[in-house]
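Structure, as structure tokens:
Throughout, read-outs are computed from the coordinates displayed, never taken from laboratory work. This structure is a prediction, so every number in the text was calculated from the model and none was measured. Cβ coordinates were reconstructed from backbone atoms using ideal geometry, including for glycine residues, and neighbour counts include every protein chain displayed.
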Amino acid sequence: MKEGQKLENYLVGGAVRDQLLGMPVAERDYVVVGATPQQMLALGFRLVGKDFPVFLHPTTHDEYALARTERKIGPGYTGFACYAAPDVTLEDDLARRDLTINAMAQTAAGQIIDPFGGQADLQHKILRHVSPAFVEDPVRILRVARFAARFKQLGFRVAQETMILMQNMVRQGEVNALVPERVWQEFTRALQEQDPQEFIVILRQCGALAILFPELDSLFGIPNPVQWHPEIDSGVHVLMVLMQAARLTTDPATRFAALVHDLGKGATPYASWPSHPGHEERGVGLIKQLAQRYLIPRNFQQLAELTSRYHTHCHRVMELNATTLVKTLENLDAFRRPDRFKQFLIACEADFRGRTGFEEKPYPQREFLQQAYETAAAVAIEPLLAQGFSGQKLGEKLHQQRVAAIKKFHPSQVAE
């Protein structure tokens, strides 16, 4: 590249795909062909890539990566050697990408460069791998599942030959090489897609769910009482719950809590089927196990544990006496963490609606418990402090007054 010469650069990946789909473009990434790192730096670009040359544009701050190829040298998603040099062509760079719909480029004049049939797959709504090199990176299994969750409402499906490749990768143990941080990163991204339940569906179809999330996989085939769960299957139920959670909130922590609220049913003794006594507390232990394995953030874990332990309390809140109701609110830490309490209520509503025939039914328990909380939270602590109460005595007195307030709150609906 001579001084003053313009970069041979192309818009690539998701920006091209989303433009063709008529969707808003969140970020723009570019590939630069025929340049060296020194030339990029001389033009004012700032180097940010650690594993391969990626630069930020001096004014737009868009990412510009030098065209590169990858060669498999070890197991897992980190076992690659990258080669970035002026002799790497645009097609070489696009060939290393995961799906055909992500392997297109666009010139500054708007011309689409599509060597692998991405436009046709967009038209036919197919998620298809670019090349046999797909099998070299197990993260691609998670990415395919995530794109399936993103584009399900548009009618996209995973190509049969791609699903076969994914199944082979699972059988060959590639998924076992995934590091926890990367699995959780893709999982949380998937939780924020339009149809996060499809992420679970695709992982189960290829066999990866049983390896990565056995606590979820074990729910499939376990029955529930038909009078409460017309869908019967516990695995089907949690998928429906996640679907309802996605309708109610965009918050990934709440969606996660909804998804894992029934993990305890996977450990119910066979003799108890289709009932699941004690599944709430059993689920807490499994959530802790899952959180430890994937280094799940504390706020996700705590909300999930509370939802597992107390979701049935919420469902039968109108049967609880005032003392139990206040104790439940205290155990939920609702008075100190009102925002998390609201997340809990949403997860419980998703659980209620995540059943065949219940999708549009009203769930008055959510509003009732919210009003009960507001009634109890309105009890002022200042008069008790003025009376000299402190420590344990203060807590006991505050509890008593909250119970008294709840007894006045819709007394016909709150048991004595």
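Across the cross-link table entries LYS288/LYS393; LYS288/LYS342; LYS265/LYS408, which are compared at the Cα atoms, the separations over 28 Å belong to LYS288/LYS393; LYS265/LYS408. Among GLU161, GLU305, GLU330, GLU359, a tally of other beta-carbon atoms within 10 Å of each Cβ gives an order, fewest to most, of GLU161, GLU359, GLU330, GLU305. Here the 3J(HN,Hα) profile of segment 283-291, calculated from phi with Karplus coefficients 6.51, -1.76 and 1.60 at θ = phi - 60°, is x, 4, x, 6, 5, 4, 4, 5, 5 Hz, Gly and Pro shown as x. Against the chain, whose longest principal axis comes from its Cα atoms, helix 298-315 is set at around 40 degrees.
As a proxy for reagent exposure, TYR83, TYR270 were ordered by neighbouring Cβ count within 10 angstrom, fewest first; the result is TYR270, TYR83.
Computed from the C-beta positions of ASP18 and GLU382 and an R0 of 56 Å, the FRET efficiency is 0.55 to the nearest 0.05. With coordinates expressed along the principal axes, the C-alpha atoms belonging to segment 1-117 extend over 39, 36, 23 Å, beginning with the largest.
Over segment 1-117, what is the relative contact order in percent, taking alpha-carbon pairs closer than 8 angstrom and at least six residues apart?
Details: 206 pairs, mean separation 30.2, N = 117.
Worked out over segment 1-117, it gives 26 percent.
Mean projected area of the convex hull spanned by the Cα atoms of segment 349-390, taken over all viewing directions: 3.9 nm². Close amide H pairs (under 5 Å, H built 1.01 Å from N) link VAL54 with VAL48, GLY49, residues at least 5 positions away or on another chain.
Close amide H contacts of GLU231 (hydrogens built in the peptide plane, cut-off under 5 Å, sequence separation of 5 or more or a different chain): THR356. Considering only alpha-carbon pairs that sit under 8 angstrom and 6 or more positions apart, the relative contact order computed for the chain is 10 percent.
Along segment 245-258 the Karplus relation, 6.51 cos²θ - 1.76 cosθ + 1.60 evaluated at θ = phi - 60°, assigns HN-Hα couplings of 4, 5, 6, 8, 7, 9, 6, x, 5, 5, 5, 5, 4, 5 Hz to successive residues, with x for each Gly and Pro. Sorting CYS82, CYS348 from the fewest to the most surrounding beta carbons within 10 angstrom yields CYS82, CYS348.
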